[in-house]
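Only one structure is covered here, and it is reproduced in the block below.
The values are calculated or read from the model by the stated rules, or taken from the named source; none is laboratory data. No experiment lies behind these values; they were computed from the predicted model shown. Quick reminder, even Gly has a Cβ in these numbers, built from the backbone with ideal geometry, and neighbours come from all protein chains shown.
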């Protein structure tokens, strides 16, 4: 039996090996100076800016036209428009040739032209053998200048989009990245919103044409060409090809900024069919312009970039919890990026891994990093710097990006200088200043049944609903849908306790704190205590910034007390109160004589004279996961809908009730309710509830 | 592991004049111990890429030890007797102690029901303590740290079915660092932190296979398509095998397969070939020569009928179809490569045009030859992703109809020429990357005995006729060579 796993001494021949130097003992010759090519910059007669860089190593010419546009300009009701415009510009062909004709012509000469529109820019790129460059540039111009957006390709793109939406929850890692951005940026703006079937369904060919027309004009284009050509001849050729394109439009406005507020916390997206949890932690990042950006890059490098970082060392190497773990300080050119720590671990160690990651972030904020860590991080960046110049085309595309985003040409060298100057004190300072524990948001995507410790060890958990909304459609009750609806309601009843237990709830008292995210008063906190006595008595006390407000109703009449005085309850408020009583979960599910109609997969609608509520089941637990209803008095338009998402279910006197509720109105987040106290059947008396202040 | 599905690797070839220009920049030499080097001089920027191609893959995993090649790849980043330790001598003793206790534990476990539970518990506890003790000497991730600090980029490794590859790039003035680090890790690997790394490798399997519908489907396909050949096991190994891998067993694996004659190195960048030769002799010369390892002798028996396998998942439908085809070095391979591009290379390909663009029944329909790898007879893979409202069945039928057309009549000259042109241009584009050259030249050297095959393969492609394409379609894309793997919705709705 082998007694040692140290192989060095095994075969005799290897002992004779002459001593090798240690890495630190190696002496290197100086690095050869890097030759940084200088592209030629010209302006065509139509205002288009052109950047040319000759390189004759291979018989190829390639290039890209950068266009100031982006999906940040998507209209809220037609999300996906920019991206679809980018796709169909190419696939839908030009006026002169269909998409298929262009495909054939390009592939016959092993060339390509592709177009796309991303977050903050659009691009049309080409690649060609030297001898075909002129013809390929003409095709590129046709696609850029006169795209035809043929209807069948618009239809194809829409189908591809729908297919992608239907598949967006198939891979857990995709869910984690996407939902994390939505949490931090918010779901009500183009940085964080999601594209749904209804948005794709609304997009028409005319929308693509209008989007293209608004953003594709010569003064809004920067064209870079690289490769095996003669600069003077190429200038002439480009003038000939693009000079006739005279379209004009007003300058493109600045991109919208991402919102400042978001709801930090612990989030869970349930994905039952995985053995690993996919984790994201973080919050806002910054911009490249920020003077602290170099120090933050160094700090993030020490925390979690590369194989020798703290996170890899602790989570992967020492604990063996993860194959994949890392951190990045997200900085964009002109808007805040995402500070993002990601990893994945077996379900059972989900919470432990998150705790360890949180600890490592805390350590970065508590103590200076070691001199060696600082040195490693700085040397990693500085010694690898030459790879920014390992191909001339990198220099060209960097120059283009800097110009496009309004950065100085020597930005990279400023960065290099700043990294060299970063100290341990700087790293500690930026970690303290920019990495905020009270904003550190945690997202776990996985199967909570297998989590070793429950996720709420880390704080109150908010559920993320991954349901892909179906396009709106009519729902009618049939004997069959009522039967299935009743069965679904029965499952919810069982999950919450049982019909008998729910029916036995006579009164309910609840204290909540509501952090208001949207609406007229974002950032406001409301404390609310609600006492409910079946069937129809409600008393609600609210602490508002301007004082205490008490509402009382017996279902027929009521009063309202505010610092300004008392007043009888107005009919709209009364209607609101009745709705609130009706939607109280134990009663909504146990009230006799109410029908439950199946209105979608896993969704029922329960209605009475007091209102109607749609309940969606969480397939894993059987508990209701969302409740959707219309704000009283408002129209039935979709944007008046209120969506309550339930999570953090706990046992209260033998039934399950949610302790965290996220409220959205009209697709925008309104606030998060956290329950601090919840009791049932504590013998509330009608007289006490009716007591006036 | 490298099983790309959506990125299809093209076969290679180039125009003759490019080759003669290029050939002048390439040097090859073999050390007396058998290790072979291919060096490409590309002085345009002061950087260099290095690629170590070890001719061992998961097909060589010993019985009951699937995942061993991959596990060793991870261990090759743990350092040497001097790099990665705080006290080499004490660590050596501590690692030996871990193995001694682990042996005792296994002995006790082998008693089966007669095993003493108390002793098992005791040994498990002692083992944990011994592992902790050995770990206390470790300077973690020191090997990686030295390389990253020196400006190393793209540091990584991969284990495929056929080969294990290690690679990164450096500023070219630091090339000696690579020689030192790379030679020492293969001369003197220390299997430190083996059992923690085993957990990491287990996590990798959870991530790539167990938590991904596509990963699960690939695993199902190959485990059914191959009944005997080790292509039936994913490079990561099976969960229970991974959980029982031993450092003790990694030693003979390393000795068998990491002999110099089984290793080929590619270096591309701003380097002086004469200096590379001198450094190679100095640093890799001390590796003792050894016999070349046994190849896999198991030959997959002929398939005698279609095989079908399903996996239940709540995810949207996917299908993989694999047809048994010969190894990449077989004379029919060029025609099969052309066939694959006709079917799914680019926007003009038959499957894209018909299934994605015109009938709009698929979001994607792609093919790939030499799956899961090319050294042994493998599969011609068809990957189908149905569009919403269209079934797998409909997609499968449409794919078969296209294949049948290619079997019935020869492809037109324009299509054939278009594909050949694309292959040629693809090769020219590949010459622009140090890391791409460093990776490909050793692979071609090993497969064909000459790196020039990377370029001369175009001659074989040029000789492919429409009749050849028709013939290989008829010969290989037949029902009885076919294995179909697809997803199905779980019975009784989502779990």
Any chance residue A:316 is assigned to a helix (DSSP H, G or I), within 14 Å of chain B (Cβ to nearest Cβ) and touching a helix residue (DSSP H, G or I) at 6+ places or on another chain (Cβ under 6 Å) = yes
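For residue B:400, state whether it is without any contact (Cβ under 8 Å) to a residue 12 or more places away in the chain and under 31 Å from the mean Cα position of the chain (by Cα). Reasoning before the result, please.
Values: without any contact (Cβ under 8 Å) to a residue 12 or more places away in the chain: yes; under 31 Å from the mean Cα position of the chain (by Cα): yes.
The answer is yes for residue B:400.
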ask   = Of (1) closer than 29 Å to residue A:469 by Cα; (2) surrounded by fewer than 21 Cβ atoms within 10 Å (Cβ to Cβ), residue A:588 satisfies all except one. Which?
value = (2)
task = Would you mind listing the helices (runs of 4 or more DSSP H) fully within the stretch A:109-185 where at least 2 residues are touching a helix residue (DSSP H, G or I) at 6+ places or on another chain (Cβ under 7 Å)?
result = A:133-145, A:151-166
key: Top-ranked residue of the stretch B:146-171 - restricted to ones that are buried (at least 24 other Cβ atoms within 10 Å of the Cβ) and in a helix (DSSP H, G or I), ranked as nearest to the other protein chains (Cβ to nearest Cβ)   = B:148
remark   = Flagged in the stretch A:95-116 as within 18 Å of residue A:64 (Cβ to Cβ) and away from every other protein chain (no Cβ under 12 Å), in numbering order, are A:115, A:116
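Those residues that are more than 30 Å from residue A:167 (Cβ to Cβ) and free of Cβ contacts under 8 Å to residues at least 12 places away in the same chain, I need them from the stretch B:172-217; list them, please.
Pass one, the stretch B:172-217, residues more than 30 Å from residue A:167 (Cβ to Cβ): B:172-199.
The answer is B:199, and nothing else.
If you check A:255, A:278, A:180, A:211, which single one turns out to be crowded, with 20+ Cβ neighbours inside 10 Å, touching a residue at least 40 places away in the same chain (Cβ under 8 Å) and within 22 Å of residue A:48 (Cβ to Cβ)?
On the way: A:255 fails: crowded, with 20+ Cβ neighbours inside 10 Å; A:278 fails: within 22 Å of residue A:48 (Cβ to Cβ); A:180 fails: within 22 Å of residue A:48 (Cβ to Cβ).
Being crowded, with 20+ Cβ neighbours inside 10 Å, touching a residue at least 40 places away in the same chain (Cβ under 8 Å) and within 22 Å of residue A:48 (Cβ to Cβ) holds for just one of A:255, A:278, A:180, A:211, which is A:211.
Residue-wise test of (1) away from every other protein chain (no Cβ under 12 Å); (2) on the phi > 0 side of the Ramachandran plot; (3) part of a helix (DSSP H, G or I).
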residue: B:80; (1), (2), (3): no, no, no
residue: B:94; (1), (2), (3): no, no, yes
residue: B:103; (1), (2), (3): no, no, yes
residue: B:106; (1), (2), (3): no, no, yes
residue: B:126; (1), (2), (3): yes, no, yes
residue: B:131; (1), (2), (3): no, no, yes
message = Restricting to the stretch B:34-66, name every residue that is within 13 Å of chain A (Cβ to nearest Cβ) and buried (at least 24 other Cβ atoms within 10 Å of the Cβ).
response = B:47, B:48, B:49
query = Only one of A:76, A:10, A:16 is at pLDDT below 95, under 30 Å from residue B:279 (Cα atoms) and exposed (fewer than 14 other Cβ atoms within 10 Å of the Cβ); which?
reply = A:16
task = State whether one or more residues within the stretch A:494-503 are under 32 Å from the mean Cα position of the chain (by Cα) and either free of Cβ contacts under 8 Å to residues at least 24 places away in the same chain or surrounded by 15 or more Cβ atoms within 10 Å (Cβ to Cβ) (or both).
result = yes
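What residue, among those in the stretch B:241-275 that are more than 14 Å from chain A (Cβ to nearest Cβ) and part of a helix (DSSP H, G or I), is farthest from residue B:446 (Cα to Cα)?
Checked the stretch B:241-275; the qualifying residue farthest from residue B:446 (Cα to Cα) is B:241.
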ask   = If you scan the stretch A:51-94, which residues turn out to be within 13 Å of chain B (Cβ to nearest Cβ) and assigned to a helix (DSSP H, G or I)?
value = A:87, A:88, A:90, A:91
ask   = Scanning for something in contact (Cβ under 8 Å) with a residue 60 or more places away in the chain and under 16 Å from residue A:283 (Cα atoms), does the stretch A:410-431 turn up at least one residue?
value = yes
request  = Mind counting the residues in the stretch A:259-305 that are more than 22 Å from the chain's Cα centre (by Cα), within 30 Å of residue B:210 (Cβ to Cβ) and in a helix (DSSP H, G or I)?
outcome  = 1
remark   = Residue hits (the stretch B:210-219; touching a helix residue (DSSP H, G or I) at 6+ places or on another chain (Cβ under 6 Å) and facing chain A (nearest Cβ under 9 Å)) are B:211
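Here is a check on your reading of the model: is residue A:43 more than 9 Å from every other protein chain (Cβ to nearest Cβ) and exposed (fewer than 15 other Cβ atoms within 10 Å of the Cβ)?
Numbers: more than 9 Å from every other protein chain (Cβ to nearest Cβ): yes; exposed (fewer than 15 other Cβ atoms within 10 Å of the Cβ): yes.
Considered against the rule, which asks whether it is more than 9 Å from every other protein chain (Cβ to nearest Cβ) and exposed (fewer than 15 other Cβ atoms within 10 Å of the Cβ), residue A:43 comes out as yes.
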